[in-house]
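First the structure, in the form of structure tokens, and then the observations on it.
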Amino acid sequence: MGAGHTRFGVLEAGPRTLLRTAVDGAFASLDHGGGRNELGEAFLATLGFGGWQIGNSAAVLLEEATSVGLPTTRVENACASGGFALRAGVRAVERGDVDLVLVAGLEKMTDVGSARRRYWLGVSGDTEWERLAGLTFAGVYGLIASEYVARYPRAREALAEVASKNHENGTRNPNAHFQKLVSREAVLEAPRVADPLGLYDCCPVSDGAAALLLAPADRAHRYTDTPVFVDGLGASSDRLAVQERPELTRFEATRSAGRQAFRDAGIESSRVNFLEVHDCFTIAELLALEDLGFVEPGGAVDLTLSGATRATGRLPVNPDGGLKSKGHPIGATGVSQAYEIFLQLRAEAGARQVAGAEVALAHNVGGAGATAAVSIFSRG
Ligand code: COA
């Protein structure tokens, strides 16, 4: 029914202000106004990065949104928290006993020093074999990218194209953390972070919040003339430690969540007009295209280098700049993907509008593939 979003980036505002701004934006976007006193339940996606409010943080959402006195639940599945909170919100709507459900995502990441930042990023990876051994998420995705680059010719070039494309898309998104062009050459020459991934292959550390308002389809007209429909949901998980998995370059959680979402929506992938995928590192965008069934393993290289995933291509991917350029405030990301889809399907995305957008898919991953949520939306 409605959606709100803060700027993503290194922000002065604290967590409560970010939440309030996103939620106010969501209520303000309702075509017929009102809505606050009709709220029946709320979900907050957040990791609680930096420890700003480790327990019971979802209560703060209602304090900032409306008033206390309603059920509210925190959803935490690392970087996939937003996608899972959306799923929880849709399930609450399907119960039929609430009119309006609020789903918000939040992370405040930039007000801690680098050692604590590494700790809070690391806590969502495997503790015994990865974090305590010094392996970061950039390190895990670097291992995955090494294997992928060794397997498929021109893969390194395709990774650079993902970064360059998403940075270009970010220049058309006023909420994006980065709004600067980065050439493929600059990506390849950037300082290494975790070989073969360099600075521009990584998402940044960002602050931000996003919020959605959901209602049963048969009550949509109360709130808006142009609802966006959630047609299919899928969610799954995999072994937490990458060393326990049979394949490095395949995320089983994405594959299974994607199959469920397409089955639930009753459509084939050819019906999807554009995608919001979880490009926390450039390699993750290529894997998403393959695991969601848009191409065979290795096929994302040619698809990406052909320009098909650019904003004006036949299958735009991450028109808002993706995690790479828009930023990745952990709990907010999955909610922000749905925000972008909400704008696009209502033809309200301005300079970055995808022409003829009718069906879109959001893909949100927790950690290095341990959890995944996939959602399919349409303009009805
Ligand atoms: N992409 C593009 N530019 C980036 C960037 C990124 N990911 N991260 C930082 N920068 C830029 C900054 O804006 C700054 O530019 P400036 O000098 O023009 O102001 C410069 O690079 C240095 O920034 P700094 O914050 O000192 O970088 P850093 O070395 O501390 O951090 C990374 C760089 C890549 C290590 C950090 O962004 C990171 O850890 N990203 C991954 C986050 C993550 O793992 N999230 C979970 C995913 S599963």
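In whole percent, what relative contact order does the chain give with Cα contacts below 8 Å and a gap of six or more residues?
RCO, the chain: 26 percent.
Placing dummy labels 7 Å off each Cα toward the beta-carbon, the span from Asn37 to Arg263 is 4.5 nm. Would you work out if the stretch 1-69 is rounded, prolate or oblate? Take a ≥ b ≥ c from the square roots of the eigenvalues of the alpha-carbon gyration tensor; rounded if a/c is under 1.5, else prolate when a/b is larger than b/c, oblate otherwise. Since a/c reaches 1.5 but b/c is at least a/b, the shape of the stretch 1-69 is classed as oblate. Relative to the Cα centre, the charge distribution of the chain, modelled as +1 at Lys and Arg Cβ and -1 at Asp and Glu Cβ, gives a dipole magnitude of about 340 debye. Straight-distance candidates among the aspartates and glutamates for linking to Lys326, with alpha-carbon spacing under 13 Å and chain neighbours fewer than 8 residues away dropped: Glu168, Asp207, Glu276, Asp279, Glu340.
Our estimate of slack between Leu199 and Arg271, defined as 0.36 nm per intervening residue step minus the Cα-Cα distance, is 22.5 nm.
The separation of the stretch 236-263 from the stretch 277-292, counted between C-alpha centres, amounts to 12 Å.
The smallest convex shape that holds all Cα atoms of the stretch 69-147, its convex hull, gives 149 Å³ per residue.
Rounded, prolate or oblate, given the Cα gyration tensor of the stretch 239-325, with a/c below 1.5 counting as rounded? Cα axes put the stretch 239-325 in the oblate bin. Computed on the stretch 230-344, with alpha-carbon pairs under 8 angstrom and 6+ residues apart, the relative contact order is 22 percent. For q = 0.12, 0.15, 0.21, 0.26 Å⁻¹, what log10 I(q)/I(0) does the stretch 134-218 give under the Debye formula with an equal point scatterer on each alpha carbon and no solvent? Per q value, in the given order, log10 I(q)/I(0) is -0.46, -0.65, -1.01, -1.29.
The order of Asp320, Asp231, going from fewest to most other C-beta atoms within 10 Å of their C-beta, is Asp231, Asp320. Each Lys or Arg adds one and each Asp or Glu takes one away; over the other residues whose Cβ falls under 11 Å from the Cβ of Ala45, this sums to 0. Only DSSP H runs of four or more residues enter the estimate; each adds -39500 (n - 2.57), and after division by the residues of the chain the mean residue ellipticity at 222 nm equals -10500 deg cm²/dmol.
Considering Cα pairs under 8 angstrom that are at least six residues apart, work out the relative contact order of the stretch 123-262 and quote it in whole percent. Normalised by residue count, the contact order of the stretch 123-262 is 22 percent.
Determine the sum of side-chain charges near Glu147: Lys and Arg each +1, Asp and Glu each -1, restricted to other residues whose C-beta is under 14 angstrom from that of Glu147.
Taking every Cβ under 14 Å from that of Glu147, the sum is +1.
In the stretch 42-71, whose amide N lies under 11 Å from the spot 7 Å out along Cα-to-Cβ of Val123? List them in ranges. Answer for this model: 47-55. Return the distance in nm (one decimal) between the two label points of a simple spin-label model at Thr136 and Glu12, each offset 7 Å from Cα along Cα→Cβ. With each label point 7 Å from Cα toward Cβ, the separation is 2.9 nm.
Values quoted throughout were computed directly from the atomic coordinates according to the rules given, and no laboratory measurement underlies them. Just so we're clear, the structure is a prediction, and the values are computed from it rather than from any experiment. Every residue, glycine among them, receives a Cβ derived from its backbone with ideal geometry; neighbour counts consider all protein chains shown.
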